[in-house]
Amino acid sequence: MKIQDLQNGDLIFTVGSSEIATAIRAATGSYSHVAIFFNGEIYHATHEKGVVNQDLSDFLQDKDIYDVYCYPAIEVEAVLKRAKLHLGKPYNFSFYPQSDGFYCSEYIAEILPIFDTIPMQFGDEKNLISDFWQGYYRELDLDVPLNQPGTNPSQLAQSRKLIYKGELHD
């Protein structure tokens, strides 16, 4: 689909190739990030700046895949109001429930409360908890929140409440 065909409330799921994006995909499925589109801007939770809104052109990177989904029953103004309410909140690096701030899918599930939580997974094809996640949580000095309630981009994309619109292209 073309950029000009994006509609307010569309969810954009990305694949990502960074080390953490690869670890997220290995543990959870196809996608490593999710954001929501309103009025030419993207609202999402980022490692670098926490919950932000930014121009769509700044969000898009040629090397990534962007798949677009919509929730047909979305109440655009209510969701946009909730999205703005959380701007500036920190990133939830621990992925623990009830931590300050939000990780990407946690933010989307908060502002568009149609998704269930599931037990979080941090494995790969070899281990229940991958080497990446063991090191990640060692640096945080926390236990890996294995099976804690949470969300992830691939899980949100699989919701029967969403409709796949297509891959985003110029």
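The values are calculated or read from the model by the stated rules, or taken from the named source; none is laboratory data. Since the model is a prediction, treat every value here as computed from it, not as a measurement. In this analysis, Cβ positions are derived from the backbone assuming ideal geometry, glycine residues included, and neighbour counts consider all displayed protein chains. To get the accessible areas, we keep the full protein, side chains included, count just its heavy atoms, and leave off ligands, DNA and RNA. Shrake-Rupley method; radii C 1.70, N 1.55, O 1.52, S 1.80 Å.
In the set (1) within 21 Å of residue 120 (Cα to Cα); (2) touching a residue at least 40 places away in the same chain (Cβ under 8 Å), residue 69 fails one condition alone, (1).
Test residue 110 against the criterion of being open to solvent by 70 Å² or more (accessible area, probe 1.4 Å), of a type in the set (Asp, Glu) and either under 15 Å from the mean Cα position of the chain (by Cα) or modelled with pLDDT under 95 (or both), and give yes or no. Yes, satisfied. Residue 128 meets the conditions (1) of a type in the set (A, V, I, L, M, F, W, C); (2) under 13 Å from the mean Cα position of the chain (by Cα); (3) more than 23 Å from residue 165 (Cβ to Cβ) in every case but one. The failed one is (2). State yes or no: is residue 77 charged (D, E, K, R) and out of contact with any strand residue (DSSP E or B) (no Cβ under 9 Å at 6 or more places or on another chain)? Yes. Of the residues contained in the stretch 53-65, one or more are found to be touching a residue at least 24 places away in the same chain (Cβ under 8 Å) and either farther than 30 Å from residue 4 by Cβ or of a type in the set (Phe, Trp, Tyr) (or both).
Among the residues of the stretch 144-170, those identified as assigned to a loop (DSSP other than H, G, I, E, B) and surrounded by fewer than 11 Cβ atoms within 10 Å (Cβ to Cβ) are 160, 170. Tallying residues that are modelled with pLDDT under 95, in contact with a strand residue (DSSP E or B) (Cβ under 8 Å, 6 or more places away or on another chain) and closer than 10 Å to residue 14 by Cβ within the stretch 41-65 yields 4.
The condition of being on the phi > 0 side of the Ramachandran plot and among the hydrophobic types (A, V, I, L, M, F, W, C) holds for only one of 95, 122, that being 95. Of all residues in the stretch 30-87, those satisfying the criterion of being β-branched (Val, Ile, Thr) and farther than 17 Å from residue 102 by Cα are 65, 68, 74, 76. If you go through the stretch 22-73 and keep only what is touching an Asp or Glu at 6+ places or on another chain (Cβ under 9 Å) and of a type in the set (A, V, I, L, M), you end up with 23, 26, 27, 36, 42, 45, 56, 60, 65, 68.
Looking only at the stretch 106-126, filter to residues that are assigned to a loop (DSSP other than H, G, I, E, B), in contact (Cβ under 8 Å) with a residue 60 or more places away in the chain and in contact with a helix residue (DSSP H, G or I) (Cβ under 6 Å, 6 or more places away or on another chain); which one of those is nearest to residue 96 (Cα to Cα)? So the residue we want is 121.
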